[in-house]
Amino acid sequence: MSIADLPGFEDWLEGLLGPDHGRRLAAVGGERIVLSKVPPGLPGSVLDAVERVPALSSPGALQLLAPEGVGGVRAWRAAADRALEDARHSGAIDDDGFAAIRIGIDAVEALLASCCWTDDGSPGWAPGPAERAALAEVSARLAPGRDSLFTRYYGEFEGRPVESHCPGAPVARRIFDAAREVLEASVPGANSACPGAGATVT
């Protein structure tokens, strides 16, 4: 089915977004209309690419890849970048897969930074109670649904809600949840974080 198969829908959508909106119908059901801005098959290819970089979903692997002397989001980002580069150099992913996953890592980094406001990149840093609550809230809002951070609601057409869902949402959630575990884990060594303080104690 295309937009042309819903009489009046194209005019309704153009009224909201303009004539060059670039959306296509992804699914039409009795309860909702789902739009997409990406070609068919792209979500599957992105998921396939991230499957080829298992370290991004493994808190243990990320901790091993993290550099010494830094902590928090900065350490996670360095580990994620290294996992991605290693996968490209080994041939596990191609340049397109690398670029697609990198966009997801950028988005997750921004979400993590917005939750971890006391993070100064010092070794041993740990999120405080309010930061942990913020991380949990973001994780919940990465799940599918009307309140998802990756869902856009356009309004209703003939009684059916019209939505679009970012194809990278499942990838972002996997990357985010692994990163969250890394940030919330106890960091071994001489430096440790006072629980709930969000500050480093030596």
Using a 1.4 angstrom probe and counting only protein chains, how large is the accessible area of HIS89 in Å², to 10? 150
Assuming a ≥ b ≥ c are the square roots of the Cα gyration tensor eigenvalues, decide whether the range 81-122 counts as rounded (a/c under 1.5), prolate (otherwise, with a/b larger than b/c) or oblate. oblate
Would you list VAL28, VAL50, VAL34 from the most to the least accessible area, probe 1.4 Å? VAL28, VAL34, VAL50
In whole percent, and with a 1.4 Å probe on the protein chains, what portion of the accessible area of the range 57-191 is carbon and sulfur? 53
All other residues with a Cβ under 13 Å from the Cβ of ARG132 taken together, and with Lys, Arg as +1 and Asp, Glu as -1, what is their net charge? -4
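With every protein chain left in place, what is the accessible area per residue of the range 90-167 in square angstrom, probe 1.4 Å?
48
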Packing-based ranking, highest mean first, of 119-127, 135-143, 73-81, 54-62 given that Cβ atoms within 10 Å are counted: 73-81, 119-127, 54-62, 135-143
By the C-alpha gyration tensor axes a ≥ b ≥ c (rounded if a/c is under 1.5, else prolate when a/b exceeds b/c, else oblate), the shape of the range 40-120 is oblate
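The values are calculated or read from the model by the stated rules, or taken from the named source; none is laboratory data. It should be emphasised that the depicted structure is a prediction, and the values quoted were computed from it without experimental measurement. Note that we place each Cβ from the backbone using ideal geometry, even for glycine, and neighbour counts take in every protein chain shown. With ligands, DNA and RNA removed, areas are computed over all heavy atoms of the protein, side chains included. Shrake-Rupley method; radii C 1.70, N 1.55, O 1.52, S 1.80 Å.
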